[in-house]
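Some notes on the structure that comes next.
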Amino acid sequence: MTNGLNKLYAGLALSIVLFLGLGYWLVKPKLPDQPPNLSFSADVDGTKAWKELLVTKQTAVKEWRLDWKHLPNGSSMLLVAIQPTVVTKADREHLLKWVQAGNDAILFDNHPEGWASWGLIQVDGGAKNPSASASTIQVSPGYTSAEGTLTGQVDTTYRIKPGGSGQVLLEDDRGVLASRVQEGAGSLTVVLTPNWVQNGTIDEASHFELIWPLFAKSWDAVWIDETHHGFGTKPGLLAVYPAWLVLVSVQLGLALLLWLWLRGKRFGPVHTPRAWTVRRGDEGVHAVAAWYERLGYRHEALVQQQLFLRQLLHQRWGLSPSASPLQAAETARGRMPEAQAAQLARLLAEPPSDRGGVSAQAFVQRTREMGEMIAYLEKE
């Protein structure tokens with residue numbers, strides 16, 4: 001019995017493994033095919049291996065994703081551009097100004113057009129897609145400590161024109177492959193073999209020994225250009241303004257917050273009292289009463305109170321609204337005490353007045369009695 005269960009479990013486990021393996025083989029996820037020469041790409045045509053080694057040798061290695069006109073101020077920095085695309089005349093001018101300020105730039109490009117520091121010549125008939133051929137590379141004295149014959153796969157039909165103010169670093173039997181030109185306080189180096197930096201070829205032939213001496217110097221920061229690989233970004237809001245303006249703005253903002261705190265301003269939601277936004281149900285009555293008080297219509301107000309009292313007597317007792325005070329008193333004697341019946345007759349009589357109209361004291365007294373009588377009738 002136990003052996004049977006073990007075989008069942010083993011068969012079930014084997015089925016699960018086969019099912020997962022078959023599913024993975026059928027729908028195996030594919031890595032995205034990234035553009036070549038990206039410093040964060042592990043593809044064979046990426047340059048991540050070179051970058052990872054560079055990180056261990058330099059103080060700071062970062063990607064540069066802004067236009068070259070935003071290159072950081074200062075000196076003792078390096079910009080590395082590997083086969084950049086769509087490099088405009090303005091880009092070259094901004095880079096040269098940055099180099100002349102005391103920085104260095106290394107350009108890996110198999111066809112660097114538009115640079116006035118050196119000219120190019122074509123070999124092999126100017127083929128557009130030449131096949132890589134092994135060449136023996138000659139280096140300038142003191143360039144590298146590597147011994148023996150250095151070779152490299154060269155896949156470009158261009159060579160740098162000899163002569164001029166440039167320092168030849170690398171060349172083969174067809175011409176110069178790498179040259180360095182001093183620009184102001186910095187230097188600009190061009191290398192016509194960007195394939196030597198790629199992951200799939202950096203360890204072939206003598207590629208590593210040929211490119212690594214270019215990075216022997218120590219810089220405060222090394223920037224790897226990704227802007228001209230299609231990964232450029234626009235500068236943030238703070239990067240648009242000079243640093244001194246940003247600093248002053250931050251200080252003014254902090255001073256404003258401190259001033260508000262000292263002034264006792266509260267931060268948080270503000271609740272408006274309901275009485276400020278909701279109209280009272282008796283707002284119209286209060287308004288009419290205010291106008292009656294302002295215009296001195298006390299007699300008219302008492303007449304309105306009498307009309308309301310007569311309407312209430314008609315609803316409660318069926319008494320005619322035109323009944324006299326005596327008729328109202330006779331009707332009330334069977335329903336309320338004698339004193340209240342006499343008070344009802346007095347309230348239904350003509351309101352008291354003098355030459356100046358109803359006095360305030362008389363108005364208040366009669367209104368109080370009228371309110372008591374109305375409340376008594378409404379309770380019945």
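Against the list (1) outside any strand (DSSP E or B); (2) among the hydrophobic types (A, V, I, L, M, F, W, C); (3) closer than 23 Å to residue 96 by Cβ, the condition residue 212 fails is (3).
Comparison of 149, 157 shows that the only residue that is within 18 Å of residue 208 (Cα to Cα), out of contact with any Leu (no Cβ under 8 Å at 6 or more places or on another chain) and either at pLDDT below 95 or surrounded by fewer than 21 Cβ atoms within 10 Å (Cβ to Cβ) (or both) is 149.
If you go through the stretch 188-239 one residue at a time, how many are basic (Lys, Arg) and over 18 Å from residue 57 (Cα atoms)? Break it down into steps so the answer makes sense when it comes.
Kept after step one, since they are basic (Lys, Arg), are these residues of the stretch 188-239: 217, 234.
Then keep just the ones that are over 18 Å from residue 57 (Cα atoms); that gives 234.
Adding up the residues that qualify gives 1.
Taken together, 294, 279 contain a single residue that is at pLDDT 75 or above and either loosely packed, with under 12 Cβ neighbours inside 10 Å or not polar (S, T, N, Q) (or both), which is 294. A single entry from 306, 315 fulfils the requirement of being under 30 Å from residue 372 (Cα atoms), open to solvent by 100 Å² or more (accessible area, probe 1.4 Å) and at pLDDT 85 or above: 315.
In the stretch 90-107 there is at least one residue that is at pLDDT 90 or above and of a type in the set (S, T, N, Q).
Scanning the stretch 112-130 for residues that are at pLDDT below 75, open to solvent by less than 60 Å² (accessible area, probe 1.4 Å) and part of a loop (DSSP other than H, G, I, E, B) yields a count of 4. Inspect all residues belonging to the stretch 109-124 and state whether any of them is at positive phi and more than 47 Å from the chain's Cα centre (by Cα). Yes; the residues of the stretch 109-124 include at least one that is at positive phi and more than 47 Å from the chain's Cα centre (by Cα). May I ask you to list the residues in the stretch 50-71 that are assigned to a helix (DSSP H, G or I) and surrounded by fewer than 17 Cβ atoms within 10 Å (Cβ to Cβ)? Listed by number, the residues that qualify are 52, 53, 55, 56, 57, 69, 70.
Looking across the stretch 164-178, the residues that are closer than 19 Å to residue 150 by Cα and open to solvent by less than 80 Å² (accessible area, probe 1.4 Å) come down to 168, 169, 170, 171, 172, 175, 176, 177, 178.
Among residues of the stretch 45-56 that are under 15 Å from residue 222 (Cα atoms), those with a Cβ under 6 angstrom from a residue that is open to solvent by 70 Å² or more (accessible area, probe 1.4 Å) and not in a helix (DSSP H, G or I), sequence gap 6+ or separate chain, pair up as 48/42.
Residues of the stretch 169-209 being of a type in the set (Ser, Thr, Tyr), outside any strand (DSSP E or B) and in contact with an Asp or Glu (Cβ under 8 Å, 6 or more places away or on another chain), which ones?
So the first thing to find is which residues in the stretch 169-209 are of a type in the set (Ser, Thr, Tyr), and the list is 179, 187, 189, 193, 201, 206.
Imposing the further condition that a residue be outside any strand (DSSP E or B) reduces the set to 193, 201, 206.
Of everything in the stretch 169-209, just one residue is of a type in the set (Ser, Thr, Tyr), outside any strand (DSSP E or B) and in contact with an Asp or Glu (Cβ under 8 Å, 6 or more places away or on another chain), namely 193.
Here residue 193 clears all of (1) closer than 23 Å to residue 81 by Cβ; (2) surrounded by fewer than 19 Cβ atoms within 10 Å (Cβ to Cβ); (3) hydroxyl-bearing (Ser, Thr, Tyr) except the condition numbered (2). Restricting the stretch 336-380 to residues that are among the basic types (Lys, Arg) and modelled with pLDDT of 85 or more leaves a set whose member that is surrounded by the fewest Cβ atoms within 10 Å (Cβ to Cβ) is 368.
The values are calculated or read from the model by the stated rules, or taken from the named source; none is laboratory data. Not measured: the values here are computed from a predicted model. Ideal geometry is used to build each Cβ from the backbone, glycine not excepted, and the neighbour counts take in all protein chains shown. What goes into the accessible areas is simple: the full protein's heavy atoms, side chains included, and nothing from ligands, DNA or RNA. Shrake-Rupley method; radii C 1.70, N 1.55, O 1.52, S 1.80 Å.
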